[in-house]
1. Working carefully through the options 247, 201, 185, 215, find the one that is in contact (Cβ under 8 Å) with a residue 12 or more places away in the chain, surrounded by 22 or more Cβ atoms within 10 Å (Cβ to Cβ) and either in contact with a helix residue (DSSP H, G or I) (Cβ under 6 Å, 6 or more places away or on another chain) or at positive phi (or both).
2. If you take the residues in the stretch 36-58 that are surrounded by fewer than 23 Cβ atoms within 10 Å (Cβ to Cβ), touching a residue at least 40 places away in the same chain (Cβ under 8 Å) and more than 18 Å from the chain's Cα centre (by Cα), which one is farthest from residue 214 (Cα to Cα)?
3. Looking at 96, 141, which one is surrounded by fewer than 16 Cβ atoms within 10 Å (Cβ to Cβ), out of contact with any helix residue (DSSP H, G or I) (no Cβ under 8 Å at 6 or more places or on another chain) and either outside any helix (DSSP H, G or I) or modelled with pLDDT of 85 or more (or both)?
4. Restricting to the stretch 31-47, count the residues that are outside any strand (DSSP E or B) and either touching a helix residue (DSSP H, G or I) at 6+ places or on another chain (Cβ under 7 Å) or within 12 Å of residue 273 (Cβ to Cβ) (or both).
5. Of the residues that sit in the stretch 68-82 and are at pLDDT 95 or above and surrounded by 17 or more Cβ atoms within 10 Å (Cβ to Cβ), which one is farthest from residue 174 (Cα to Cα)?
6. Considering 46, 28, which residue is touching a strand residue (DSSP E or B) at 6+ places or on another chain (Cβ under 9 Å) and either more than 22 Å from residue 155 (Cα to Cα) or at pLDDT 80 or above (or both)?
7. What is the residue count in the stretch 145-181 for residues that are in a strand (DSSP E or B) and within 25 Å of residue 250 (Cβ to Cβ)?
8. Between a residue in the stretch 151-176 that is on the phi > 0 side of the Ramachandran plot and in contact (Cβ under 8 Å) with a residue 12 or more places away in the chain and any residue that is surrounded by 14 or more Cβ atoms within 10 Å (Cβ to Cβ) and in a loop (DSSP other than H, G, I, E, B), which pairs come within a Cβ distance under 7 Å, given they are 6 or more apart or on different chains?
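The values are calculated or read from the model by the stated rules, or taken from the named source; none is laboratory data. Owing to the predicted nature of the structure, the values given are computational and were not obtained by experimental measurement. Neighbour counts run over all protein chains shown; Cβ positions are idealised from the backbone, glycine included.
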């Protein structure tokens, strides 16, 4: 796995669906495992579903085990509720956080190497239009545009799918403060934001091929392979470790603590978080196991 692939994971956009038949499930397959875990306490049950954020509509219906777990749950938990009615205000705050203030521009914060790479990959790009974007925000924009070329759409993502289903009366909770990820991205140094953008640009030609490997692991419920893909990339480039630690390791611990809190309550919770947060020794699944909770993949 090319180490540059890591950036697409880190910005939370690599766990996608290419719309191939392997993702469409007619009902339940008894021998199939899903990217879904059941966690129990004496008083509560939490179903942890790894999220795919951008999809094509033909990947639905999901496996019946996933749908039944959602139907049984009284509460839907998501990273951030993008359907909470405050979307316009949220977008304004995100845009403000993504832009440099005043006359400051991205040119003042990029290495010459990354700036030249940006100009080569997008010679038609007008810095008058994107010059105020911070490197992490420009990287995310480029990635989203690349996935849109493949026909992928955020409105068909797992998060949005279940949020729309929950609008019929199911309670919804957020596991994170909406602006927390933006604040974290803005906390990265110029060097790390430069890496964000640089590796995004370098990997554009290989996105389709590499995404397929990740998607197959998700479809098979193969957490070990998904974790291997992540760890290969991270360990191959130690300069990215602070980014990984901030966006995965630290957030995993926070999310696991929140889920532990739900398990101290009474009822059933359907928790949807990015698939990358569930895998590995420092992933949510292992963290909950270490707390003594019985965990079973579905």
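1. 185 is the lone residue from the list that is in contact (Cβ under 8 Å) with a residue 12 or more places away in the chain, surrounded by 22 or more Cβ atoms within 10 Å (Cβ to Cβ) and either in contact with a helix residue (DSSP H, G or I) (Cβ under 6 Å, 6 or more places away or on another chain) or at positive phi (or both).
2. 43
3. None of the other options fit; the residue is 96.
4. Final tally of qualifying residues: 3.
5. So the residue we want is 69.
6. 46
7. Residues that pass the stated criteria total 3.
8. 151/19; 151/56
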